1. Within the stretch 178-219, track down each residue that is out of contact with any Phe, Trp or Tyr (no Cβ under 7 Å at 6 or more places or on another chain) and among the aliphatic types (A, V, I, L, M).
2. In the stretch 142-169, what residues are among the aliphatic types (A, V, I, L, M) and in contact (Cβ under 8 Å) with a residue 40 or more places away in the chain?
3. Looking only at residues that are in a helix (DSSP H, G or I) and in contact (Cβ under 8 Å) with a residue 60 or more places away in the chain in the stretch 257-288, which one is nearest to ILE207 (Cα to Cα)?
4. Taking ASP160 as meeting all but one of (1) out of contact with any Pro (no Cβ under 8 Å at 6 or more places or on another chain); (2) surrounded by 18 or more Cβ atoms within 10 Å (Cβ to Cβ), write down the number of the exception.
5. Only residues that are in a strand (DSSP E or B) and in contact (Cβ under 8 Å) with a residue 60 or more places away in the chain: list them for the stretch 63-79, please.
6. Would you confirm whether any residue within the stretch 127-148 is within 28 Å of GLU290 (Cβ to Cβ), surrounded by fewer than 16 Cβ atoms within 10 Å (Cβ to Cβ) and not aromatic (Phe, Trp, Tyr)?
7. Looking only at the stretch 289-301, count every residue that is part of a helix (DSSP H, G or I) and either modelled with pLDDT of 85 or more or buried (at least 16 other Cβ atoms within 10 Å of the Cβ) (or both) and tell me the total.
Amino acid sequence: MIEVNELTKRYGDTTAVRNLTFQVRPGHVTGFLGPNGAGKTTTLRMLLGLIGPTGGSATIGGQPFRRHPRGLRHVGALLDAGDVHGGRSARAHLEALARSNRIPRSRVDEVLEEVGLAGAAARRRVDGFSLGMRQRLGIATALLGEPPVLLFDEPLNGLDPEGVLWVRELFRGLAAEGRTVFVSSHLMSEMEHTADELIVIGRGELIAAESVAAFAARGTRPTVTVRTPDLAQLTAVLSEEGAAVAPYDDRTLKVTGLSAARIGELALHHRILLEELTPQAASLEAAFMELTAESTEFLAGDAR
């Protein structure tokens, strides 16, 4: 289990993480969400002992990560897929880690096969890898020691659709084995399909710690898809009524702030033809955008 208690990190006058408290339980995929600059990566780095907190604590299995003598046997992590010596092959990179953590060499072949880097790919220099291949190598590194806890920061970057599906099933499988799987991602659609639980932060503070379904249901503004040949006129009418109107294509609008029934009434009153009027079910992305709206004002220099 991961436990964060009153965790705080300050950089001079900037507070990147403020009094953050949450738990990540085994047997679940837990998504870690927040706007850019919310403090997600800083939190993960404190969990792994890469930076020290200003206050509070972050423990894995009841103790700070630094106290685990063979780290990869206890926690597997992917924070930066590019943080690998480019002159080494994938196999050499994993073998060096296996030796330093007293992991059997046979495990290197197993994880290379599991992530799709066996054979010729394992012998290639890492500096010739695509971003997707580097991500797969990073995941192999995390899996190497068969740890009970796994941390991933944006693991889907650079992966093709087949790779995204593979990662989704991998994470679910790891959680089904009783492991703790903690995944930071900005891809709301993937978290909706992959995660069971969510930790959501903004400006370094906790916004929510609950199931995906419960968080999605917290979005209060209805979203409706509207299709019409009179796009400009309908946009003006709905905007005057106080709705937020976003064009999707040259005949379709995404409308928030008004119910489908009210949009239909307004269209009828103004004699505007509607070709489609579809209320959208509660979504993780809609709830996230609404509930973190006040947490996206970081200056570029403050984002960590």
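1. LEU187, MET191, ALA195, ILE201, ILE207, VAL212, ALA213, ALA214, ALA216, ALA217
2. Across the stretch 142-169, the qualifying residues are ALA142, LEU143, LEU144, VAL149, LEU150, LEU151.
3. PHE288
4. (2)
5. VAL75, GLY76, ALA77, LEU78
6. Checked against the condition, which is being within 28 Å of GLU290 (Cβ to Cβ), surrounded by fewer than 16 Cβ atoms within 10 Å (Cβ to Cβ) and not aromatic (Phe, Trp, Tyr), the stretch 127-148 yields no hits at all.
7. Here the count works out to 3.
The values are calculated or read from the model by the stated rules, or taken from the named source; none is laboratory data. None of these values were measured; they are calculated from a predicted model. Using ideal geometry, Cβ is built from the backbone for each residue, glycine included, and neighbour counts are taken over all protein chains shown.
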